[in-house]
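Here is the structure we will look at, set down as structure tokens.
Nothing in this text is a laboratory measurement; each read-out follows from the coordinates by a stated rule. What you are looking at is a predicted structure, and each value in this text was computed from that prediction instead of being measured.
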Amino acid sequence: MHNLIMRGGKMIVKPSVTDLLKVSKNRYELVIATAKRARQIASGAPIRTDKKEDSPVTQAAIEIAEGKVKIC
């Protein structure tokens, strides 16, 4: 299951970058934090949210959006 929404023929991934930037200073910091957490999840780290996704990147983005992962 993926958090995708069809809008105008385009797939929109949720949480959106706009949502994620509310907990990050900039896109670079957001990409680094998401990638680091996705690698941890892919290596077997426990999931920090009730929402389960197949993709480690999507799972990491959800955790960041929910405030379960702190960005330093």
Give the lysines whose C-alpha is closer than 24 Å to that of K70, dropping any in the same chain fewer than 8 places away, or say none. K14, K22, K25, K36, K51, K52
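Full extension from K25 to T49: what is 0.36 nm times the residue separation minus their Cα-Cα distance, to one decimal in nm? Spell out each step's value before the answer.
Numbers: separation 24, 0.36 × 24 = 8.64 nm, distance 2.26 nm.
Using 0.36 nm per residue and subtracting the Cα-Cα distance, I get 6.4 nm.
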